[in-house]
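What follows is calculated from the coordinates using simple rules that are stated; it is not laboratory data. Note that the coordinates shown come from a computational prediction; the quantities given were computed from them, not determined experimentally. A quick note on method: Cβ atoms are made from the backbone with ideal geometry, for glycine too, and the neighbour counts reach across all protein chains shown.
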Amino acid sequence: MSGSEATPEGLRGTVVAVQANFYQVRLVEGTVLLCTRRSRLKKINQSVMVGDRVIVEEPDWTDGRGVVAQVLSRRTELKRPPVANADQVLLVFALAEPDLDVWQLSRFLTTAEATKLGVRLGLNKKDLISPSHQQEWRERLQGWGYDPILISVAQDREIADLWDILAGNITILAGPSGVGKSSLINRLIPAVDLRIGAVSGKLSRGRHTTRHVELFELPGGGLLADSPGFNKPNLECEPSQLAYYFPEARERLEGGQCQFSDCLHRDEPNCVVRGDWERYEHYLKFLDEAIAYQEEVARSPDEEDSMKVKMSSSGQKRYEPRLETKKYRRQSRRSRHQDLQQLYEDASIEALEDDLEDLEPI
Ligand SMILES: Nc1nc2c(ncn2[C@@H]2O[C@H](COP(=O)(O)OP(=O)(O)O)[C@@H](O)[C@H]2O)c(=O)[nH]1
Ligand SMILES: [Mg+2]
Ligand SMILES: [Zn+2]
């Protein structure tokens, strides 16, 4: 490839897959080019993530190659899974087979809320329960602050409600095993042909593929991220933030103020969050877990530097979990100018490998 052939403004595209230092970029008009990136980007520690909108130069149409010359500014950035510009999380649960477990659903919802992205809820297998039972679930979850979309991937002729939500957006699909995620992707993107009912674990899908977040292009426009790393709830959050991951609590905090600015909404006087809402008991349980987790991390010398201790305005100690894995930190300390993208990948590979047994690849 010669530099003189580069288009003056370059070509715009979206990174749909990252593998080592190669980036698959889907150009606006549909062609996918396998790209490296300019060393200048390495020098300025500019990572390139799945979902990034980039400028490609030096396209080689014969070999399908190119060079990422520029990364456009990100609207959102998620570390785990590493996805740029995601708009929302679509959580999928089943109404039956497996039975809908409200505690598990609540855990997934708070984890999804912690991304600060939009959260949508799809309830699959509605064919297995009666219409009145469906209505009960709808109303119950509306009480939680969600407006679930009830579907039957197996029987619906159209899943139009879902299309409306997905169109034009970058969506991260998540949910426990067996709820119909693979069936849904196959339905949305017939060309993908994922295995249905695939057993989770290392053998069900190559490790190679589980490491990487991949974006599937939806025929109606929009991208769907297949992200096994997000299919497990995780409540390693800051206790004082937990209330914001419950729409019911959020609403109460918008309508009024607790007496104490660092109120944990347990037994403090004049608390606006404590009260008669269904998931308040979930909140209390998750809060206990988040506090126990932080205390453990604070006590354990090995993990000492995995939390940053900060003083809040009221003088209370606040712990902020560092999201990066140890490996990430070790490497970043050793060489600040090291290839950031590689570090992101190492971090996510390590994290994914830790969880691999529990994962259900989509
Ligand atoms: N009754 C019913 N079964 C479904 C539906 N969608 C998926 N399934 C079944 O649920 C099982 C798990 O589906 P799969 O897509 O592998 O779930 P995943 O683990 O979330 O990827 C399979 O046996 C599917 O055939 C549905 O709408 N209704
Ligand atoms: Mg699956
Ligand atoms: Zn309170």
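Numbers below:
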read-out: Residue order, fewest to most surrounding Cβ atoms within 10 angstrom, among Leu95, Leu100; value: Leu100, Leu95
read-out: Label-point separation, Arg65 to Asp99 (7 Å along Cα→Cβ), nm; value: 5.8
read-out: Between the stretch 229-249 and the stretch 116-149, the Cα center-to-center distance that results, in Å; value: 20
read-out: Prolate/oblate/rounded label for the stretch 239-299 (Cα gyration tensor, a/c 1.5); value: prolate
read-out: Built amide H within the under 5 Å cut-off of Asp60, gap 5+; value: Arg65, Gly66
read-out: Under the Karplus curve 6.51 cos²θ - 1.76 cosθ + 1.60, θ = phi - 60°, whole-Hz ³J(HN,Hα) for the stretch 83-94, x wherever Gly or Pro sits; value: 9, 9, 6, 5, 9, 7, 10, 9, 8, 10, 10, 9
read-out: The stretch 83-226 shape via C-alpha gyration tensor axes, a/c threshold 1.5; value: rounded
read-out: Set Lys79/Lys126; Lys181/Lys285; Lys43/Lys181; Lys126/Lys232 screened for pairs whose C-alpha atoms are more than 31 Å apart; value: Lys79/Lys126; Lys43/Lys181
read-out: Net charge dipole size for the stretch 20-90 [Lys, Arg +1 and Asp, Glu -1 on Cβ; Debye, nearest 20]; value: 420
read-out: Leu150 long-range amide H proximity, modeled H, under 5 Å; value: Leu123
read-out: HN-Hα J in Hz across the stretch 135-148 - Karplus 6.51, -1.76, 1.60, θ = phi - 60°, x for Gly and Pro; value: 5, 4, 5, 4, 5, 4, 6, 4, x, 8, x, 10, 10, x
read-out: Burial ordering of Arg12, Arg252, fewest other beta-carbon atoms within 10 Å first; value: Arg12, Arg252
read-out: Neighbour-count ranking [beta-carbon atoms within 10 angstrom, fewest first] of Arg75, Arg187; value: Arg75, Arg187
read-out: Overall form of the stretch 11-73 per C-alpha gyration tensor (a/c, 1.5; a/b vs b/c); value: prolate
read-out: Placed amide H near Ser227: partners under 5 Å, 5+ positions off or other chain; value: Leu173
